[in-house]
Amino acid sequence: MNSYRRQEMRDRLLIIFSFLFYLQIFSTSARSQPQPSSIPRASDLDLSPDIEDSPVLQRWREQVPNILEEITRDPSFRTRLRLGYSLFLSAQAAGITLGVEDVFIGSTRFTVSGEYYTAFDSDRTSYGGELRYYLRPLGSYINVAPLIGYRHLETDAYSLDGVNLGARLLLAFSRDGAADISLSQSWVALGTDTEVGLTTLSISYAITQSLRVSTGIQQQNSRQSKDSRVGIILEWMP
């Protein structure tokens, strides 16, 4: 009986060792086989030739772009050409406004702007240009820009030319200039007896992809007089 049990034990051990041996061989063979990729490559996709030749796809193949950085760098406002109607409240006179806003200088944060307005039957006239530098990335929804430029001001009380210094606050509610509010404060001939302060509030919103309507209020303060101007302006965004 003891001999029989010893033989049975040896048979069981042999079966267990044989099972472990073949299991090891099977595992090694399975690991040596190439595993299919769970992420398909661009070459495995059935793409049309137009998509294959797309510059965007080619750029993504070379290097995946930083989308967040591009959104930040892409301006939240656009260049505008302006034409509108102005009403000079102190003189009860109507006039015309022409201008261009935020012409970008290359890929920098510098922009150039210019404005001209005049009354039809009054001495009120103004023209000038300014250079702005936006302190925050151009894609920011809130931005501040110091400005420097030249301004000519003419009313029935005085005529003035000089350097225009100030700052501009921009609140952009959506990208690509769909809607924004801006507030500017500047001074012409700052620190002189003829100093004039200009405060301008503008609210703009888009009615098409390239056309906006802007309403603006400007207060012009000097020691000689105070003038107010309101206007409705059409802005074309090229």
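The values are calculated or read from the model by the stated rules, or taken from the named source; none is laboratory data. Being a predicted model, the structure only gives us computed values, none of them experimental. Neighbour counts run over all protein chains shown; Cβ positions are idealised from the backbone, glycine included. Just the protein is used for accessible areas: all its heavy atoms, side chains included, with ligands, DNA and RNA removed. Shrake-Rupley method; radii C 1.70, N 1.55, O 1.52, S 1.80 Å.
Annotations for the structure displayed:
- Here the accessible area is traced with a 1.4 Å probe on the protein chains. For region 163-229, carbon and sulfur cover 62 percent of it.
- Gain upon complete extension [Val230, Ile105; 0.36 nm per residue less C-alpha separation]: 42.0 nm
- Label-point gap, in nm, between Gln219 and Ile181 - each point 7 angstrom along Cα→Cβ: 1.6
- On the beta carbon distance between Thr125 and Arg73, with R0 = 45 Å, the FRET formula returns roughly 0.70.
- Only Cα pairs under 8 Å and 6+ residues apart enter the sum, and on that basis the relative contact order of region 132-238 stands at 17 percent.
- Accessible area expressed per residue, region 91-145, with surrounding protein chains retained (probe 1.4 Å, Å²): 47
- Net charge of Cβ neighbours under 10 Å - reference Ser214; Lys, Arg +1; Asp, Glu -1: 0
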